[in-house]
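What follows is a single structure, written as structure tokens, with notes after it.
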Amino acid sequence: MKLVILITAQVEQGMDVAQAWQDAGAPGVTIVRTHGFRTLQEKVRRGTVELPRIVTSMAAAMAHVLTSMEEPGEMLLSVVDNGMVDKLEAAATDVLGDLTEPYNGIMIVLDIERAIGVRHHTEQRKKE
């Protein structure tokens, strides 16, 4: 089994990726709101933050820098069979774009030694 983790700053697309993963066969998807940090120079270059011309105190300057650097995002988690990983990558790429391109997201896949309580869609349907 694998733990698939997708982190993206495209917050508005998180639910779409989760639905695409479930449509692809993921037994469940957990979405966690995240707050990451980008370098200040990168945000200034992209034009997503403006530095104040006059800063009255060092504390105010630091507060402005820290709040300007915060970047909302979403982390999606799913425990799946080994053969499902490529399907989830394709589904995420369909929604977010090429994950090798900047700002679309990163996907991490980890081996799981043991997963307790994981259900498959076929098991869930039998109970209903």
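Quick look at the numbers
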{"quantity": "Some residue of segment 45-67 being part of a helix (DSSP H, G or I), basic (K, R) and modelled with pLDDT under 95", "calculated": "yes"}
{"quantity": "Subset of segment 1-35 that is touching a helix residue (DSSP H, G or I) at 6+ places or on another chain (Cβ under 7 Å) and assigned to a strand (DSSP E or B) - its residue that is nearest to Y103 (Cα to Cα)", "calculated": "T8"}
{"quantity": "Whichever residue in segment 92-110 is in a strand (DSSP E or B) and among the β-branched types (V, I, T) and, among such residues, is nearest to the chain's Cα centre (by Cα)", "calculated": "I106"}
{"quantity": "Segment 92-112 residues that are without any contact (Cβ under 8 Å) to a residue 60 or more places away in the chain and surrounded by 10 or more Cβ atoms within 10 Å (Cβ to Cβ), paired with ones that are part of a strand (DSSP E or B) and β-branched (V, I, T) (beta carbon under 9 Å, 6 or more apart)", "calculated": "L99/T8; L99/I106"}
{"quantity": "Residue check for E89: assigned to a helix (DSSP H, G or I), modelled with pLDDT under 65 and surrounded by 12 or more Cβ atoms within 10 Å (Cβ to Cβ)", "calculated": "no"}
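The values are calculated or read from the model by the stated rules, or taken from the named source; none is laboratory data. Every value quoted in this text rests on a predicted model; they were computed, and no experiment measured them. Neighbour counts are summed over all protein chains in view; Cβ atoms, including those assigned to glycine, are modelled from backbone coordinates with ideal geometry.
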